[in-house]
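Read-outs throughout are calculated quantities, based only on the coordinates presented, and are distinct from any laboratory measurement. Since we're looking at a predicted model, the values are computed, not measured. Cβ: placed from backbone, ideal geometry, glycine included. Neighbour counts: every protein chain shown.
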């Protein structure tokens, strides 16, 4: 089992500067590297303060200079917002900068809010077509000269400049949920990243089954890697109520996700209030008691037991998702406890 850190700068009001958030993100990354984590993942989001990352590339390039072993993952590049030449060239450049530590995550996108601003308002549900056209084009551009005449993009003979250090290119990860996206990823020679969001471990098992089915359907492909991403918070065993602040904070995160995903309210200067708790009457998955069981919240012993189950399911990498609306000091304590108590159980 490998461990990785999934992290953004997240801002809930104007009391913390963007510069401070960047320093906090860097500190967590350096902690993760010292703790033996394999990768740090940073995604792509636009015009929303609660996940600040208009491009993972400059952040990862900076971290490349501050680190020496941890791999640098774009988790994920949103396919409809990019041109294949830009994806190939920028990822290859980061691979050169980091001396072969780049990991490329690609996704179709989710927020209609972002599609209205970045992709001319096309339906977010159409992003899968962009993803399926983008992946093979990027793979070809890393190999050499390639002309593309697709439904979405067209360009004359071109190539990726620079070429990546890793050959034939950095590992590609596809964010997958439905069986078709698992099948596309596996047959394309890509790794798979999944997130059960607010669902329990039965969802992890179901996603692992979809992955296993895709692998079985493509025996011609070497088995790729499977990564599970989950909100994680570890508290000391002598704090029996230590789970409650984390569960409440993660509930706030998901209610904010709901507000942005619903795309019904205009944000003010990049901020959008969480959807009110009253909206979720009869929706127990938003309640702290439910999130205590579904999010990876618990003592080191409880977290070890659940991650061992993920390992039995065939998960190769567990990603510690630390976006949760808690202050940086709380994230720092949780990550330190995870590194001290949980990671050694899998070595």
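Between residue 332 and residue 15, what is the spin-label point distance in nm, taking each point 7 Å from the Cα along the Cα→C-beta axis?
1.6
Give the Cα extents of the chain along the principal axes, in whole Å, largest first.
Between the extreme Cα coordinates on each principal axis of the chain lie 61, 47, 40 Å.
Remind me, relative contact order of the chain in percent, using alpha carbon pairs under 8 angstrom and six or more residues apart?
Values: 643 pairs, mean separation 63.0, N = 347.
Relative contact order comes out at 18 percent.
Tell me, what are the semi-axes, in whole angstrom and largest first, of the equivalent ellipsoid of region 163-278 as set by the roots of 5 times the Cα gyration tensor eigenvalues?
Details: eigenvalues 225, 81, 48 Å².
Working from the Cα gyration tensor, I get semi-axes of 34, 20, 15 Å.
Under 10 Å, Cα contacts only: if you run a Gaussian network model on the chain, which one of 191, 83, 324 comes out with the highest mean-square fluctuation?
The residue with the greatest mean-square fluctuation here is 83.
So what's the gap between the Cα centers of region 232-284 and region 121-183, to the nearest angstrom?
Spelled out, the Cα-based centre of one part sits 34 Å from the other.
I need the per residue convex hull volume for region 201-248, using only the alpha carbons, in cubic angstrom as a whole number.
Details: hull volume 4.6 nm³, N = 48.
Looking at region 201-248, the number lands at 95 Å³ per residue.
Looking at region 2-346, what % of its DSSP beta bridges pair antiparallel, to the nearest 5?
Numbers: 6 of 40 bridges.
Taking every DSSP beta bridge with both residues in region 2-346, the antiparallel ones total about 15 percent.
Return the calculated 222 nm mean residue ellipticity for the chain, to the nearest 500 deg cm²/dmol, obtained by summing -39500 (n - 2.57) across DSSP H runs with n ≥ 4 and dividing by the residue count. Numbers along the way, then the final one.
On the way: 11 runs with 143 residues, N = 347.
Mean residue ellipticity, 222 nm, calculated: -13000 deg cm²/dmol.
Calculate how large, on average over all directions, the projected area of the Cα convex hull of region 101-172 is; give the answer in nm² to one decimal. Provide the component values of the computation, followed by the final result.
Details: hull surface 21.6 nm².
Over all viewing directions, region 101-172 projects a mean Cα-hull area of 5.4 nm².
Percent relative contact order of region 56-172, based on C-alpha pairs within less than 8 angstrom and at least six residues apart? Please list the in-between numbers first.
Working: 193 pairs, mean separation 35.8, N = 117.
This gives 31 percent for region 56-172.
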